[in-house]
1. Binning at 10 Å from 0, report for the range 37-77 what percent of all alpha-carbon pair distances ends up in each bin.
2. Let a ≥ b ≥ c be the square roots of the eigenvalues of the Cα gyration tensor of the range 37-112; is it rounded (a/c under 1.5), or, if not, prolate (a/b larger than b/c) or oblate?
3. Note the per residue figure in Å³ for the convex hull of the C-alpha positions in the range 4-65.
4. Tell me what the chain gives for mean residue ellipticity at 222 nm when only DSSP H runs of n ≥ 4 count, each as -39,500 (n - 2.57), the sum divided by the residue total, rounded to 500 deg cm²/dmol.
5. Compute the long axis of helix 136-187 from its Cα atoms, compare it with the longest principal axis of the Cα atoms of the chain, and write down the angle in degrees, 0 to 90, nearest 10.
6. Taking the chain as a Gaussian network, Cα atoms linked when under 10 Å apart, which of LEU128, LEU178, LEU57 shows the biggest mean-square fluctuation?
7. Taking the solvent-accessible surface of protein heavy atoms with a 1.4 Å probe, what is the per residue accessible area of the range 30-188 in Å²?
8. Going by alpha carbons, how many degrees (0 to 90, nearest 10) lie between the helix axis of 6-32 and the longest principal axis of the chain?
Amino acid sequence: MFLPTYEDITTRKAAETALKESQQQLQAFIHNSPSVIFIKDVEGRYILANRNLVQLLNLRGEEILGKTDYDFFPKETADQFRSNDLTVMEALGKPIVAEETLLLDQQIITYLAIKFALVDEQGVPYALCGISTDISDRKQMENQLRQQAEDLEQTLQELKHTQTQMIQSEKISSLGQLVAGVAHEINN
């Protein structure tokens, strides 16, 4: 029978401590990230949800685990999320980046979602990871800039039209002066 030595026990305890610290750091990273971070199984059921997802859904963490997007979002939104999830699972290890939107409290929220599959040693997906960052403010700014550009383009077109009308008016005025001058010469 093998009895562990003091060095064996010390080494094992150091390894356990290092593993525990590593797990705590990973947990802190996941839960303190400013993004929504989640893991779903192949059926779309949540198996991990960070604090931001919990806050977004206004639920407790245990109320999310084991459920799908269809339990929390309207069908149209859940269909969008599930479609992107299935695309990721079919991509086998290649991440996708997609904008995903949802309506929450009468407000449209846009996320930039990065999703990727976790695959086993045979390359078979067994879970899906997602990191979604709220880009609603950026989208709102883009829309405002697009609207301003459209307004400027319309103003430019109106100015060009006005300029064309002014040129036509000046031509008519010049022609009128010419005709008046010619008529004056004929009268003389």
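1. 31, 61, 8
2. Since a/c reaches 1.5 but b/c is at least a/b, the shape of the range 37-112 is classed as oblate.
3. 108 Å³
4. -20000 deg cm²/dmol
5. With both axes taken from Cα atoms, the answer is about 10 degrees.
6. It is LEU178.
7. Result: 68 Å² of accessible area for each residue.
8. The helix 6-32 is inclined about 30 degrees to the chain.
The values are calculated or read from the model by the stated rules, or taken from the named source; none is laboratory data. The model shown is predicted, which means the values in this text are computed figures rather than measured ones. Note that we place each Cβ from the backbone using ideal geometry, even for glycine, and neighbour counts take in every protein chain shown. Keep in mind that these areas ignore ligands, DNA and RNA; they rest on the heavy atoms of the full protein, side chains included. Shrake-Rupley method; radii C 1.70, N 1.55, O 1.52, S 1.80 Å.
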